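Notes follow the structure.
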Ligand code: NDP
């Protein structure tokens, strides 16, 4: 990596413990979505780059430098990585805020938690036990979990470091070697992190990061015969493509895909809390998170009062420069995402929805006038059949709907192809638990939203994908469980011996 000035970063691929030039000169230009300024560049990688990275990861997997290392020793290195990340959090938070256009306040809060993932998996990997199932006869029967080998991580742009590190911490703790294909829109922090992890003691070849496009580098990672698992975070369409690519080789996948989270607000929720909760659920990351509160379902008796206050709150959110500590909402990642959000607003109005807040590109002073800012947008009178309700937007556009009772709320919440995040707001403890048991969502909050923890499983149903991040579930899914049957009796009974035990 070379730094041309204080602010413009130029990376090469990170392969086999060092930065290496791509086999071609073409580069991805990373521009600030808030101002259009150049932040850095990374290789627009090739299939050949990917092959070299996979070869390095395979060599590392076959040697005894990582997979055979005692889990305690691996844990020391993972903890070193966590501590080094802690000491450089400011740098990574600034970089991801610049690349994504998200407020520094948000990015700092998110990244501050990341070292916990390394500490957590360093700890539980030491306790990764097999079992001793009973077996008829004089036998000892046990299971053991060994690393998969080389695993491929394909990640999205919305939380560049969080998404990569959630997957990486567990993949490494389980003893695998890794090739990461970060989003072409946000490869800088993954490439920076790889060198830092190596400095913290990760042996060369164990972590490789190849920047480039999904259709070339991402596809090549899925096609690579040495890769034993693909863990993808991305859109549902990409999930379908990746699932088809790897189906031929029958390797396991984890798919963290799209969502359209319902936020269900019952009328016993204090109005202030309901409004603050819905605003938090909907507008963090300008709505660019997979569990963003995109469908706000509100009980009829408080619907009008809620709508008025929610719209008012949305109108007062401060849009601004991502580096400004006062900024509450940043830019969208690209012109495409901005236009997509505004298209959905137009289609909603055409279908009969009413804009009660926002609805336009935000007018901000230079240099932010070149940025992709959309006003926090609240749509009322939306119905389940509207495109804006059916499809994931990934922007600050929120649909509000009215429900009359518990059953109606459940029908509205579950009437969707996605089953990822959901939150339920009520003071009635019985209703809360009764309701969530029937909710088709893999990640549910009661009286909160967005909260995440390394020990708390994360993953969706239906078009939101399959498999889980976090917790023991993820650790086990990064290993192969093998069953071993051991004969204890002294003499082996010969099956073919005439007159023998089986004769
Ligand atoms: P994309 O699906 O566009 O891309 C995700 C990754 O897949 C990128 O690295 C992309 O490469 C790569 N990719 C694209 N095509 C292929 C292919 N043919 N073969 C292999 N890899 C490919 O998603 P976004 O980056 O736009 O992220 C937004 C999406 O991610 C949303 O739908 C969101 O809901 C979902 N998401 C889900 C989360 C969850 O936990 N369930 C969390 C966060 C986001 P490139 O873009 O570089 O070309």
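The numbers here are math on the coordinates, done by the rules we state, and not lab data. All values reported here derive from a predicted model rather than from experimental measurement. Every residue, glycine among them, receives a Cβ derived from its backbone with ideal geometry; neighbour counts consider all protein chains shown.
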- Query: Can you pull the three principal axis extents for the Cα set of the stretch 340-472, in Å, largest first?
  - Reply: 47, 36, 29
- In percent, what relative contact order does the stretch 170-246 have, based on Cα pairs under 8 Å that are 6 or more apart in sequence? 30
- Query: If contacts are Cα pairs under 8 angstrom and at least 6 residues apart, what is the relative contact order of the stretch 254-343 in percent?
  - Reply: 28
- What whole-number value in cubic angstrom gives the convex hull volume per residue for the C-alpha atoms of the stretch 251-400? 137
- Under the Debye formula (equal points on every Cα, no solvent term), log10 I(q)/I(0) of the stretch 177-234 at q = 0.15, 0.17 Å⁻¹: -0.45, -0.57
- Query: Against the longest principal axis of the chain, how steep is helix 300-316, in degrees 0 to 90 to the nearest 10, with axes from Cα atoms?
  - Reply: 90
- Can you give the calculated 222 nm mean residue ellipticity of the chain, where each DSSP H run of n ≥ 4 adds -39,500 (n - 2.57) and the sum is split over every residue, rounded to the nearest 500 deg cm²/dmol? -11000 deg cm²/dmol
- Report the label-to-label distance for residue 90 and residue 466 in nanometres (one decimal), using points 7 Å from each Cα along the Cα→Cβ vector. 4.7
- Kirkwood estimate for the stretch 212-283, i.e. one over the average of 1/r between Cα atoms, Å: 14.9
- Query: By average Cβ neighbour count within 10 Å, what is the ranking of 245-252, 389-396 from highest down?
  - Reply: 389-396, 245-252
- What order, most packed first, do the peptides 334-343, 259-268 have when packing is the mean number of other Cβ atoms within 10 Å of each residue? 259-268, 334-343
- Helix 115-125 versus the longest principal axis of the chain: what angle, 0 to 90°, nearest 10, using Cα atoms? 30
- Query: Sorted from fewest to most neighbouring beta carbons within 10 Å, what does the list 16, 428, 96, 385 look like?
  - Reply: 385, 428, 16, 96
- Could you pull the Cα extents of the stretch 1-95 along its three principal axes, largest to smallest, in whole Å? 48, 34, 20
- Query: Taking other Cβ within 10 Å of each residue's Cβ, how do 313, 74 sort, fewest first?
  - Reply: 313, 74
- Message: What would the Debye equation give as log₁₀ I(q)/I(0) for the chain at q = 0.07 Å⁻¹, counting only Cα atoms as equal point scatterers?
- Response: -0.41
- Can you give the % of DSSP beta bridges in the chain that are antiparallel, to the nearest 5? 40
- Task: Provide the convex hull volume over Cα atoms per residue for the stretch 89-208, in Å³.
- Result: 120
- Report the Stokes-Einstein translational diffusion coefficient (µm² s⁻¹, integer) for the stretch 37-164, Rh taken as the Kirkwood radius over Cα pairs, at 37 °C with viscosity 0.692 mPa s. 182
- Item | Calculated diffusion of the stretch 412-488, Stokes-Einstein form, Kirkwood radius summed over Cα pairs, 25 °C and 0.890 mPa s, µm²/s | 169
- Query: What order, most packed first, do the peptides 166-179, 103-116, 211-224 have when packing is the mean number of other Cβ atoms within 10 Å of each residue?
  - Reply: 166-179, 211-224, 103-116
- Task: Mind jotting down the distance between the C-alpha centroids of the stretch 286-362 and the stretch 118-136, whole Å?
- Result: 45
- Task: List 435, 492, 280 from most exposed to least, where exposure is judged by having the fewest other Cβ atoms within 10 Å.
- Result: 492, 280, 435
- Note on the structure: So the angle from the long Cα axis of helix 188-199 to the longest Cα principal axis of the chain, reported in degrees to the nearest 10, equals 40
- If contacts are Cα pairs under 8 angstrom and at least 6 residues apart, what is the relative contact order of the chain in percent? 18
